[in-house]
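A.B. asks: Have a look at this one before I ask anything.
The values are calculated or read from the model by the stated rules, or taken from the named source; none is laboratory data. Here the structure is a predicted model, which is why all the values come from computation and not from measurement. Here the Cβ positions follow ideal geometry from the backbone for every residue, glycine too, while neighbour counts run over all protein chains shown.
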């Protein structure tokens with residue numbers, strides 16, 4: 001899916017007639033997150049790093065895309081699905097959508113760039129609540145927190161997304177593209193450099209790698225599959 005999404009983003013960037021990109025899920029959900037079994041997480045296999053690299057390439061492709069990218073969130077947008085929505089320039093959600101990053105409930109530590117995107121979107125306290133508890137929130141709550149632009153009744157989601165897309169498509173392309181570049185530049189100024197006094201992203205990346213190879217992650221995945229509460233030991 002990530003490979004296909006990358007090709008689609010590239011095709012849109014190369015299309016002179018394209019005005020924006022709209023991402024939505026085919027079916028009842030936007031994206032329920034990574035397939036933990038495919039990642040070989042329980043066995044500590046090589047799937048994780050390979051997936052992480054491909055996933056980060058997609059998120060950068062969304063953030064750096066010349067066109068606005070809008071997420072249309074129905075059903076679940078959890079874990080990687082929520083991070084995709086956060087990386088988009090705009091997001092519209094159904095009132096009853098479910099959004100969140102349950103990393104702390106599995107023993108995963110998402111990488112620094114994704115933490116940073118979340119903090120810049122909702123602020124440090126809301127980001128802390130999302131990441132520390134791992135609890136999902138509704139689309140309506142996501143709108144009030146600034147995680148998405150707005151939420152609408154489920155039956156209105158497609159229509160509202162189309163209205164917003166048509167408004168953007170009708171606007172001056174040079175203005176829209178320039179505005180996206182300007183917003184991106186502001187966010188880059190607000191972002192922490194990869195190496196800042198007292199903090200090195202490489203150290204954070206090491207923490208994330210340690211979490212991914214931890215016994216807690218194996219326990220978190222087993223508990224998820226067995227539909228029980230995990231017993232984490234900080235190891």
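A.B. asks: Please go through segment 88-99 and give me each residue that is closer than 24 Å to residue 36 by Cα and more than 9 Å from the chain's Cα centre (by Cα), ordered by number.
C.D. replies: 97, 98, 99
A.B. asks: Tell me whether segment 49-63 contains one or more residues that are touching a strand residue (DSSP E or B) at 6+ places or on another chain (Cβ under 8 Å) and closer than 26 Å to residue 218 by Cβ. If you could, list the steps in order and put the result at the bottom.
C.D. replies: Within segment 49-63, the subset touching a strand residue (DSSP E or B) at 6+ places or on another chain (Cβ under 8 Å) is 62.
Okay, now just the ones that are also closer than 26 Å to residue 218 by Cβ, so none.
No - not one qualifying residue is present in segment 49-63.
A.B. asks: Considering only residues of segment 1-29 that are touching a strand residue (DSSP E or B) at 6+ places or on another chain (Cβ under 9 Å), in contact (Cβ under 8 Å) with a residue 60 or more places away in the chain and farther than 15 Å from residue 59 by Cβ, which is surrounded by the most Cβ atoms within 10 Å (Cβ to Cβ)?
C.D. replies: The selected residue is 20.
A.B. asks: A further question follows. Which condition number does residue 129 fail, the rest of (1) over 14 Å from residue 31 (Cβ atoms); (2) crowded, with 19+ Cβ neighbours inside 10 Å; (3) modelled with pLDDT of 95 or more being met?
C.D. replies: (2)
A.B. asks: Within segment 75-87, is even one residue more than 20 Å from residue 188 (Cα to Cα) and over 14 Å from the mean Cα position of the chain (by Cα)?
C.D. replies: The answer is yes; a qualifying residue exists.
A.B. asks: Turning to a different aspect of this structure: Considering every residue within segment 187-200, establish whether at least one is loosely packed, with under 15 Cβ neighbours inside 10 Å, assigned to a helix (DSSP H, G or I) and either touching a helix residue (DSSP H, G or I) at 6+ places or on another chain (Cβ under 9 Å) or in contact (Cβ under 8 Å) with a residue 24 or more places away in the chain (or both).
C.D. replies: yes
A.B. asks: Among (1) at pLDDT below 95; (2) closer than 17 Å to residue 69 by Cβ; (3) over 14 Å from the mean Cα position of the chain (by Cα), where does residue 161 come up short?
C.D. replies: For residue 161, the failing item is (1).
A.B. asks: Can you pull out every residue in segment 83-110 that is closer than 18 Å to residue 161 by Cα, touching a residue at least 60 places away in the same chain (Cβ under 8 Å) and not in a loop (DSSP other than H, G, I, E, B)? Write out each step before concluding.
C.D. replies: First, the residues of segment 83-110 that are closer than 18 Å to residue 161 by Cα: 84-99.
Of the ones still in play, those that are also touching a residue at least 60 places away in the same chain (Cβ under 8 Å) are 84-86, 88-90, 92-94, 97.
Hits for segment 83-110 are 84, 85, 86, 90, 92, 93, 94.
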